[in-house]
Amino acid sequence: MIKNVIDPVTREQEMNWKGELLSYERYYIANVKQSKINLDNLTKQEQDVFRAHNWWSLDEIDKSDDTFIPAGFVQLLLPILAGTLPSIPICIK
């Protein structure tokens with residue numbers, strides 16, 4: 001069961017994916033007791049590109065050479081995870 005869902009960060013960005021455009025993303029903070037992933041409802045397009053998933057700690061993200069979107073992801077999350085929540089969602093350009 002998910003408790004205390006917080007919707008602090010949103011992002012709108014145009015992306016070109018095989019001729020299809022526009023991505024509107026919302027990032028949620030949710031406290032959960034377990035983290036089982038269900039991939040049954042992926043679209044055909046998502047199934048074609050999905051390879052794996054991974055749970056990352058903030059430290060792992062911060063030290064990784066991988067690219068994370070949005071830029072500055074760890075810095076955005078630090079105050080939120082410390083309990084300082086924005087009064088309105090943070091809009092990322």
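For the reader, a short list of remarks on this structure follows.
- For TRP56, distant residues with modelled amide H under 5 Å away: none
- Selection from VAL49, GLY72, ILE90, by position along the positive dipole direction of the range 43-93 (Cβ): ILE90
FYI, it's all coordinate maths here, none of it is from the lab. Small disclaimer: the values here were computed from a predicted structure and weren't measured. Ideal geometry is used to build each Cβ from the backbone, glycine not excepted, and the neighbour counts take in all protein chains shown.
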